[in-house]
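**Q** Before we start, here is the structure in question, set down as structure tokens.
The values are calculated or read from the model by the stated rules, or taken from the named source; none is laboratory data. All values reported here derive from a predicted model rather than from experimental measurement. All Cβ positions, glycine included, derive from the backbone under ideal geometry; neighbour counts span all protein chains shown.
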Amino acid sequence: MHSKFVYAFILAASIVFVGEGRRELQAQETSSSEVDENQVSQSPEASSAERQILLPFIVFDAATIRAQSLYYVALRARIEEESRNLSVENSQIEQALEAEELALVELKATLSEEAFAPHAQAFDQRVDIIREEQARKAQNIETALNKELSDIDLALDEVIADIVVETGALLVFEAAQIYAHSNAIDISSIVIARLNQSFANGVELGKN
């Protein structure tokens, strides 16, 4: 029979640790001044020969975008809520198992070892099943997180690709890759505005 001292360890296996993906979602909000939207109004259908190069280099700040884009904000809030709910559920299960174990201890005092063995075995099997179920719930949360992060990142890539066409940019940098840059070439606010407009319009990513 499992000792009650192992329940916390057993159930802890099902607590969600979303790893690097979640740490990315928790990036601190930063501020930046960005390119005027009017500078990127050129038709994306113009050929490369016809396009005027408005900005040879553009920069985007991934941390700022993830902190302020409503897609990321909504995903972060939902995952945190689901994780909290699972943690509460785990605590309730742990308390119930501890109470059940105490009852078994009392029962053991009234039965022979042979008669008590089936009760102990059934309890151990139930603990194993619960552990697997809770771990599966945690894995489902993490899988959903990674899938939705991938969908948002893909949408981010598409927005940046559009801006590259509109500005005729030759190179795109992520802010963390460079030592310093002028705010005049930072497109972060434009990216955020476009993503948030899609969110406001009810566009569900990854559904196409």
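**Q** Could you check G202 against (1) touching a residue at least 24 places away in the same chain (Cβ under 8 Å); (2) small (G, A, S); (3) not in a helix (DSSP H, G or I) and say which number it fails?
**A** (1)
**Q** Here is a list of conditions, (1) within 30 Å of I58 (Cβ to Cβ); (2) loosely packed, with under 15 Cβ neighbours inside 10 Å, and R76 meets all of them except one; can you say which number that is?
**A** (2)
**Q** Under 7 Å by Cβ, and 6 or more places apart or on different chains, what pairs join a residue from region 89-111 that is closer than 21 Å to K137 by Cβ with one that is in a helix (DSSP H, G or I) and of a type in the set (V, I, T)?
**A** What qualifies is I93/I130; L97/V127.
**Q** Okay, next question. Consider A120 against the criteria (1) surrounded by 18 or more Cβ atoms within 10 Å (Cβ to Cβ); (2) in contact with a Leu (Cβ under 9 Å, 6 or more places away or on another chain): it satisfies all of them except one. Which criterion is unmet?
**A** Status for A120: all satisfied but (1).
**Q** If you check E142, E148, E132, which single one turns out to be within 22 Å of L86 (Cα to Cα), touching a Leu at 6+ places or on another chain (Cβ under 6 Å) and either surrounded by 15 or more Cβ atoms within 10 Å (Cβ to Cβ) or without any contact (Cβ under 8 Å) to a residue 40 or more places away in the chain (or both)?
**A** Selected residue: E148, the only one of E142, E148, E132 that is within 22 Å of L86 (Cα to Cα), touching a Leu at 6+ places or on another chain (Cβ under 6 Å) and either surrounded by 15 or more Cβ atoms within 10 Å (Cβ to Cβ) or without any contact (Cβ under 8 Å) to a residue 40 or more places away in the chain (or both).
**Q** Within region 162-182, take every residue that is assigned to a helix (DSSP H, G or I) and touching a strand residue (DSSP E or B) at 6+ places or on another chain (Cβ under 9 Å) and give me the one that is nearest to F199 (Cα to Cα). First the steps, then the outcome.
**A** Restricting attention to region 162-182, the residues satisfying the condition of being assigned to a helix (DSSP H, G or I) are 162-167, 175-177.
Now narrow it down to the ones that are touching a strand residue (DSSP E or B) at 6+ places or on another chain (Cβ under 9 Å): 163-164, 167, 175, 177.
Details: I163: 18, V164: 22, T167: 24, A175: 24, Q177: 28 Å.
Across region 162-182, the extreme among qualifying residues is I163.
**Q** Among the residues of region 152-203, write down those that are more than 18 Å from V73 (Cα to Cα), polar (S, T, N, Q) and surrounded by fewer than 16 Cβ atoms within 10 Å (Cβ to Cβ).
**A** Passing the criteria: Q177, S182, N183.
**Q** Sort through E89, E20, E100, E114 and tell me the only one that's at pLDDT 90 or above and surrounded by fewer than 11 Cβ atoms within 10 Å (Cβ to Cβ).
**A** After applying the criteria, what remains is E114.
**Q** Okay, next question. Go through (1) assigned to a loop (DSSP other than H, G, I, E, B); (2) in contact with a strand residue (DSSP E or B) (Cβ under 9 Å, 6 or more places away or on another chain); (3) of a type outside the set (D, E, K, R) for L156 and report which single condition fails.
**A** With (1) assigned to a loop (DSSP other than H, G, I, E, B); (2) in contact with a strand residue (DSSP E or B) (Cβ under 9 Å, 6 or more places away or on another chain); (3) of a type outside the set (D, E, K, R) applied to L156, the lone miss is (1).
**Q** S189 versus (1) in a helix (DSSP H, G or I); (2) farther than 15 Å from Y71 by Cα: which is the lone unmet condition?
**A** The number of the failed condition is (2).
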